[in-house]
């Protein structure tokens, strides 16, 4: 479903992503791991064509990431998600639905369902300016789920959430995975990643260090965190 | 079918831009302030004006004052349009709307087109409403109905399109405030140059130029080229305001300023689309 071929991104003099190649299969729950500044968010931004690679190519479902058509069935949640403070959560979700070309009546139905799903019932009509960071994050996840996407790209989805919120999001992602949705996850919460994801890749300083199924790269008696530290510290 | 598919997201982004601008408190304050100022012009129409000892008739007063107000509103709204445009990309980025829109199957050119149209429509409406206040004052209080005033307002909106595109393009290349000041500078230089050109056509200036032999003709040629090519914002306003004149006036006048500004819109628009296509968004 996702394919990166020899992708390099330079912000002179820094090389944020250095000749990275990997693929994510349909229905897979994939985690991209790495320390701060490793190049994870840059890869996500290139997948969504927010920034273009210096060399190499990225594609989703065989369509180049530079083609808007490839974003037809993608849900995206940004790290530190923001929403216009003058809108209410409901209005924001409606806008997302409209931008996807969903009809008004169907959009309202979807918004209602999503508000329930993200646990924001009763708060959807208040202004975004009054929301906490965790609430904004939940609405961001709701917006990503709009239109029943086939691929979900989540950049630190649990950022700003309390432990209960983190657990709820994890349970939600598990149910989405069970429904066959492909999930591309950027996260620092390795314990959560270990519980949800099938495969993982670790990058550091823009270079891909490991990419395989979690069960095959984590040795007996080791956690994903141990592996992460071992691989990153070399 | 393909065209309507492309137009749908543009229409939506245009609508959101319009709604977001109108909901801004600063926009509302600016609009109310401008509307009050225009409304206060009402008093000017009620004065007695004498030229060479002869009182001017109502029709002349109304047309002269309306033309002056037309130019003031036209120029003022150009400044407001640049203020609205200068931070639109930054605000969209900071408030997450840019990532929300561009993560959907919406091409970058559609996003930029939606932004241009939204800002153009909102600033045109702003100007049209202010001009409509003048139109209503003259129609209701003075019984002088000038529908051409409103047509002139719409024609003048070409200037707003230029301002919106120019500021959006420059805001991608330099800090927002510098982009605003640069476009303001282009406008001021154009207005001053047009003023000097108009003055140079006076009989006194012509006589002075004929007497002066100090500067050879070839020295001023490149100035003339620059003047000719400079955005003719005042020219468009004058072309539009010529509609307000009585029927015996020169009508639309020369269309060059309109072609000039439209050509600039086209060139700057292409540059804006190209720049945004390669821009690191979000």
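The lone criterion from (1) within 21 Å of the chain's Cα centre (by Cα); (2) within 14 Å of chain A (Cβ to nearest Cβ); (3) loosely packed, with under 15 Cβ neighbours inside 10 Å left unmet by residue B:33 is number (2). Checking each residue in segment A:176-205 for being out of contact with any helix residue (DSSP H, G or I) (no Cβ under 8 Å at 6 or more places or on another chain) and closer than 30 Å to residue A:55 by Cα picks out A:181, A:182, A:188, A:201, A:205. Residue count for segment A:48-61 under the criterion of being closer than 19 Å to residue A:20 by Cβ, surrounded by fewer than 21 Cβ atoms within 10 Å (Cβ to Cβ) and more than 10 Å from chain B (Cβ to nearest Cβ): the result is 5. When segment B:84-108 is filtered for residues that are more than 9 Å from chain A (Cβ to nearest Cβ) and part of a loop (DSSP other than H, G, I, E, B), only B:87 remains. Of all residues in segment B:8-25, which are without any contact (Cβ under 8 Å) to a residue 24 or more places away in the chain and more than 19 Å from residue B:124 (Cβ to Cβ)? The answer is B:8, B:25.
If a residue must be over 26 Å from residue B:100 (Cβ atoms) and assigned to a strand (DSSP E or B), how many such residues does segment A:1-32 contain? Qualifying residue count, segment A:1-32: 12. Residue-level check: of (1) in a loop (DSSP other than H, G, I, E, B); (2) under 15 Å from residue B:105 (Cβ atoms), residue A:119 misses just (2).
Every residue in segment B:11-50 that is outside any helix (DSSP H, G or I) and under 26 Å from residue A:86 (Cα atoms), please. Show your work before the answer.
First, pick out the residues of segment B:11-50 that are outside any helix (DSSP H, G or I): B:24, B:41, B:46-50.
Correct list: B:24 only.
Across segment A:162-195, the number of residues qualifying as crowded, with 21+ Cβ neighbours inside 10 Å and in a helix (DSSP H, G or I) comes to 3. So is residue A:127 within 14 Å of chain B (Cβ to nearest Cβ) and under 17 Å from residue A:87 (Cα atoms) or not? Yes: the conditions hold for residue A:127. All conditions in (1) over 17 Å from residue A:175 (Cβ atoms); (2) free of Cβ contacts under 8 Å to residues at least 60 places away in the same chain hold for residue A:156, with the sole exception of (2). Total residues in segment A:81-90 satisfying the condition of being within 14 Å of chain B (Cβ to nearest Cβ), buried (at least 17 other Cβ atoms within 10 Å of the Cβ) and either in a helix (DSSP H, G or I) or in contact with a strand residue (DSSP E or B) (Cβ under 8 Å, 6 or more places away or on another chain) (or both): the figure is 3.
For residues that are farther than 19 Å from residue A:154 by Cβ and assigned to a loop (DSSP other than H, G, I, E, B), scanning just segment A:97-106, find the one that is nearest to the other protein chains (Cβ to nearest Cβ). Filtering segment A:97-106 for residues that are farther than 19 Å from residue A:154 by Cβ and assigned to a loop (DSSP other than H, G, I, E, B), the one nearest to the other protein chains (Cβ to nearest Cβ) comes out as A:101.
Here residue B:81 meets each of (1) within 14 Å of chain A (Cβ to nearest Cβ); (2) part of a helix (DSSP H, G or I); (3) touching a residue at least 24 places away in the same chain (Cβ under 8 Å) with one exception, condition (1).
Residues are listed down the side, and each one gets a yes or a no for (1) within 19 Å of residue A:172 (Cβ to Cβ); (2) at pLDDT 90 or above; (3) more than 7 Å from chain B (Cβ to nearest Cβ):
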site	(1), (2), (3)
A:69	no, yes, no
A:75	yes, yes, yes
A:79	yes, no, yes
A:92	yes, yes, yes
A:95	no, yes, no
A:108	no, yes, yes
A:112	yes, yes, yes
A:116	yes, yes, yes
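The values are calculated or read from the model by the stated rules, or taken from the named source; none is laboratory data. Please read these numbers as outputs of a predicted model, since none were measured by experiment. Glycine gets a Cβ as well: all are built from the backbone with ideal geometry, and neighbour counts include every protein chain shown.
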